[in-house]
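Peer 1: For reference, the structure I am asking about is given below.
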Amino acid sequence: MPKVHVRKGDTVLVTTGKDKGKKGKIVSVDTQKNRVIVDGVNIVKRHTRPTQKLPQGGIMEKPAPVHSSNVMLFCSKCNNPSRIQKKILEDGKKVRICKECGEVLG
């Protein structure tokens with residue numbers, strides 16, 4: 001099973017691609033394909049048929065998945081994207097720590 005370095009709800013910064021430099025929250029994570037959906041990033045247009053939920057149909061915009069290697073976790077304390085370090089605390093709890101400032105991340 002592949003591992004992804006970010007989780008749902010994390011704030012990330014896009015490092016490559018057409019949306020480079022954009023920041024957003026992770027909506028969902030697909031661990032099988034190593035992809036994440038970030039809110040407001042990689043927006044695509046989809047033609048949809050009329051349904052009961054959407055009676056008029058039309059062209060809808062929705063976020064498409066981005067590869068997890070193209071995003072970096074954003075530390076709110078040092079206000080920079082940073083790599084993470086995993087550490088086990090005295091009580092046995094596993095936490096992620098910002099490599100730049102040492103802050104515990106979500």
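Peer 1: Of the numbered conditions (1) exposed (fewer than 11 other Cβ atoms within 10 Å of the Cβ); (2) of a type in the set (Val, Ile, Thr); (3) outside any loop (DSSP other than H, G, I, E, B); (4) at pLDDT below 95, residue 51 fails exactly one; give the number of that condition.
Peer 2: The single condition residue 51 does not satisfy is (3).
Peer 1: Kindly indicate which of 86, 33 is part of a loop (DSSP other than H, G, I, E, B) and at pLDDT below 95. Steps first, answer last, please.
Peer 2: On the way: 86 fails: part of a loop (DSSP other than H, G, I, E, B).
The unique qualifying residue is 33.
Peer 1: Criterion first (small (Gly, Ala, Ser), under 15 Å from residue 10 (Cα atoms) and in a loop (DSSP other than H, G, I, E, B)) does residue 92 satisfy it?
Peer 2: Details: small (Gly, Ala, Ser): yes; under 15 Å from residue 10 (Cα atoms): no; in a loop (DSSP other than H, G, I, E, B): yes.
No: the conditions fail for residue 92.
Peer 1: Would it be correct to say that residue 17 is surrounded by 13 or more Cβ atoms within 10 Å (Cβ to Cβ), modelled with pLDDT under 95 and farther than 23 Å from residue 105 by Cβ?
Peer 2: Values: surrounded by 13 or more Cβ atoms within 10 Å (Cβ to Cβ): yes; modelled with pLDDT under 95: yes; farther than 23 Å from residue 105 by Cβ: yes.
Yes, satisfied.
Peer 1: Only one of these is on the phi < 0 side of the Ramachandran plot, polar (S, T, N, Q) and assigned to a strand (DSSP E or B): 69, 28. Name it. Walk me through it before giving the result.
Peer 2: Numbers: 69 fails: assigned to a strand (DSSP E or B).
Step by step, each of 69, 28 is checked, and only 28 is on the phi < 0 side of the Ramachandran plot, polar (S, T, N, Q) and assigned to a strand (DSSP E or B).
Peer 1: Would you check if residue 40 is of a type outside the set (D, E, K, R), within 17 Å of the chain's Cα centre (by Cα) and either at positive phi or modelled with pLDDT of 95 or more (or both)?
Peer 2: yes
Peer 1: List every residue pair whose Cβ atoms lie under 6 Å apart, where the two residues are 6 or more positions apart in sequence or sit on different chains, the first residue falls within the range 50-66 and is of a type in the set (A, V, I, L, M, F, W, C), and the second residue, located anywhere, is assigned to a loop (DSSP other than H, G, I, E, B).
Peer 2: Qualifying pairs under 6 Å: 64/42; 66/42.
The values are calculated or read from the model by the stated rules, or taken from the named source; none is laboratory data. Everything quoted here is computed from the prediction, not taken from an experiment. With ideal geometry, Cβ positions are generated from the backbone for all residues, glycine too; neighbour counts draw on all protein chains shown.
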